[in-house]
Amino acid sequence: MSLVAYTLVAFILVTAVATALFRDVLSAIVVFGAYSLGMAILYTLLLAPDVAMTEAAIGAGVTTILLLLTIARTTRPSTERLFEPINVPALFVVTAFVIVLVTQLLPEMYAVGDPNAPVWSNPEVTQAYLEQTYRDTGVQNAVTAVLAAYRGFDTFGEAVVVFAAGIATLLVLKREVFA
């Protein structure tokens, strides 16, 4: 991974911790929106644009807006402390978990485009997709063809979930327009 990716991962970890520690709900929501946007950018760097768009739309977009609207419609208690007190045993457990993940999992990850990645462990299947995708679908990009044609029902299901989230948002806000 590049320096940009490591910086982005650090930003994501900081915003995740800040979201958990902020005592002010509005501050936690804003930082959570930044966390979600950071995740969307990371997914883009990892060449997963479909996941990045879903994270940006649902995580950074709809969820943040719904939470902000909820805060606007309710009262915010005044607090003297900005952060919650840190639970030391929980901090120890979470830190140990992150250390295990970083030391054991990150070295095992393959770089994007690495020819030794496990996707190439079965080159016949991979090569068949690359050779037959354009002929079967007429789409130049193999990833787009797989998402649109071979995984069409799954992609349709994801689109239905996003559509249902939009309709639910309209219903919750009582601003539906069907004219």
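The values are calculated or read from the model by the stated rules, or taken from the named source; none is laboratory data. Keep in mind the model is a prediction, meaning the values are calculated, not measured. Every residue, glycine among them, receives a Cβ derived from its backbone with ideal geometry; neighbour counts consider all protein chains shown. In case anyone asks, the SASA skips ligands and DNA or RNA and just uses the protein heavy atoms, side chains included. Shrake-Rupley method; radii C 1.70, N 1.55, O 1.52, S 1.80 Å.
Computed values, structure above
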{"item": "Condition broken by Ser2, with the remaining ones in (1) farther than 26 Å from Ala164 by Cα; (2) polar (S, T, N, Q); (3) modelled with pLDDT of 85 or more satisfied", "result": "(3)"}
{"item": "Hits in the stretch 28-59 (condition: among the aliphatic types (A, V, I, L, M) and over 11 Å from the mean Cα position of the chain (by Cα))", "result": "Ala28, Ile29, Val30, Val31, Ala34, Leu45, Leu46, Leu47"}
{"item": "Subset tally (residues that are at pLDDT 90 or above and among the β-branched types (Val, Ile, Thr)) for the stretch 31-53", "result": "2"}
{"item": "Whichever residue in the stretch 1-27 is under 15 Å from Val98 (Cβ atoms) and buried (at least 18 other Cβ atoms within 10 Å of the Cβ) and, among such residues, is farthest from the chain's Cα centre (by Cα)", "result": "Thr15"}
{"item": "Count of the stretch 117-176 residues which are surrounded by 12 or more Cβ atoms within 10 Å (Cβ to Cβ), of a type in the set (D, E, K, R) and under 19 Å from the mean Cα position of the chain (by Cα)", "result": "1"}
{"item": "Pairs with Cβ under 9 Å, 6+ apart, first in the stretch 2-24 and over 16 Å from Tyr43 (Cβ atoms) and of a type in the set (Val, Ile, Thr), second at pLDDT 85 or above and open to solvent by 50 Å² or more (accessible area, probe 1.4 Å)", "result": "Val14/Tyr35; Thr19/Phe32; Thr19/Tyr35"}
{"item": "Pairs where the first residue, in the stretch 96-115, is over 16 Å from Leu47 (Cα atoms) and open to solvent by less than 70 Å² (accessible area, probe 1.4 Å) and the second is modelled with pLDDT of 85 or more and assigned to a helix (DSSP H, G or I), C-beta under 8 Å, 6+ apart", "result": "Val98/Leu13"}
